[in-house]
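Working notes, structure below.
Derivation of every value follows stated rules applied to the coordinates shown; laboratory data play no part. Bear in mind that the values here come from a model prediction, so they are computed numbers and not experimental data. Backbone-built Cβ (ideal geometry, glycine too); neighbour counts: all protein chains shown.
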Amino acid sequence: MAGDLILGIETSCDETSAAVVAGGRYVKSNIIASQINLHREFGGVVPELASRKHLELLDRVIKRALEKAEVDFSDLSGIAVTYGPGLVGSLLIGIVAAKTLSWALGLPLIGVNHILGHIYSNLLEHPELEPPLLCLTVSGGHTDLLYTEEWGKYEILGRTRDDAAGESFDKVARFLGLGYPGGPAIERISETGDAERFSFPIADLGEDRFGFSFSGLKTAVINLAHNLEQKEGRVPEADIAASFQKTVVDILLEKVERALNDFPVDKVLLAGGVAANKYLRGRLGKMLRERGANLYYPSLEYCTDNAAMIAGAGYFLLNQGKTSSLDLDANPRLQL
């Protein structure tokens, strides 16, 4: 196989990350500089601030990744970088750095789809994984359900039509005054709430059997909170959050179970930032065990945006001969 050590660079949103991964599955280093505190006061990511912070941090993050992995540039076999989807300004910072290193070192440049990186994040802790399998990617920007019969070939079964699941978590949390990021905030307060107190609508997508929609759910939650505040003078945040979280997970589980009926595999991967949600993991794992299937998910470090997953995916792309030219550009709306 061509190439072993891949340097990955990830700057698609508000995490500045660089990593060195061997053989697509074995993490030598994974350095993440988080910008959460920078954006928290605004209740979400401010694109211009994110870009500036990437520019400030990226050189140091790459240097630290090489030092921790105890390798030099001369030991590398390729440079992998996220080129979409994401914030265009943030993506460009990583792409320019990757192209510069590729040109200066004479190494292959590997543009990686961010969603593909999330899929491969599972291999970093479960290197034995092999298709066929289903993968549910749930993050702030994406909710995708896919089937793969072999690495490199993916069938998109369904994706969100509007808000992603993680995006709806952030928006509901912001409206309820729970803080940013919304996913962990919703999960924490839901532990003290009654998930059965409120019922929220689930969108009927007709023939789109595996598709997702969370915009209507988000709106229903906000309208309920408005009405309760006007009528009762208070908002039961914990009960609303718990009921909202339960509905999101109900939707996700229904689509996975439906997919398993059509694609009866025994392995299901969970990926993306929302994969860190313990309530989702618990209910999905229970449902799969009852069907004789196994659930796989990465630890928190690899659920959120990170360069190790980009380097891992880059290794497989390199060995499939899928490299990029030096005119690689950012594609903020890239789809798998």
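Observations on the structure shown:
- Under 25 Å from the Cα of Lys63 - lysines, other chains or at least 8 residues apart: Lys28, Lys53, Lys99
- Local electrostatic count at Ser121 - Lys and Arg +1, Asp and Glu -1, tallied over other residues with Cβ under 12 Å: -3
- Amide N of region 173-208 lying under 14 Å from the label point, which is placed 7 angstrom from the Cα of Arg161 along Cα→Cβ: 202-208
- Debye intensity ratio in log₁₀ form over the Cα atoms of region 103-146, taken at each q of 0.15 Å⁻¹: -0.52
- Relative to the longest principal axis of the Cα atoms of the chain, the long axis of helix 165-176 makes an angle of roughly 50 degrees.
- For the chain, Kirkwood radius (reciprocal of mean inverse C-alpha pair distance, Å): 20.4
- The ranking of Ser215, Ser199 by Cβ neighbour count inside 10 Å, starting from the fewest, reads Ser199, Ser215.
- Between the helical axis of 237-262 and the longest alpha-carbon principal axis of the chain there is an angle of about 60 degrees.
- At an R0 of 25 angstrom, the distance between the Cβ atoms of Arg64 and Leu105 translates into a FRET efficiency of 0.85.
- C-alpha long axis of helix 278-290 to longest principal axis of the chain, angle in °: 90
- Computed over region 131-297, relative contact order equals 27 percent, with contacts defined as Cα pairs under 8 Å that lie 6+ residues apart.
- In the chain, the calculated helix contribution to ellipticity at 222 nm averages -14000 deg cm²/dmol per residue, counting -39,500 (n - 2.57) for every DSSP H run with n ≥ 4.
- Spin-label model distance (nm) - Asp250 vs Glu301, 7 Å beyond Cα toward Cβ: 3.7
- Our summary gives the chain a relative contact order of 27 percent, counting only alpha carbon pairs under 8 angstrom and 6 or more residues apart.
- Ordering Glu125, Glu290 by the number of other Cβ atoms within 10 Å of each residue's own Cβ, fewest first, gives Glu290, Glu125.
- Exposure proxy for Phe169, Phe214, Phe42, Phe316: other Cβ atoms within 10 Å of each Cβ, ordered fewest to most, give Phe42, Phe316, Phe214, Phe169.
- Counted residue by residue at 0.36 nm each, then reduced by the alpha carbon distance between them, the extension gain from Arg40 to Gln320 reaches 96.8 nm.
- If R0 is taken as 45 Å, the Cβ-Cβ distance between Glu149 and Glu232 corresponds to a FRET efficiency of 0.25.
- Under 30 Å of direct C-alpha separation, and excluding same-chain neighbours fewer than eight residues apart, Lys246 reaches these lysines: Lys171, Lys218, Lys231, Lys255, Lys267, Lys278, Lys286.
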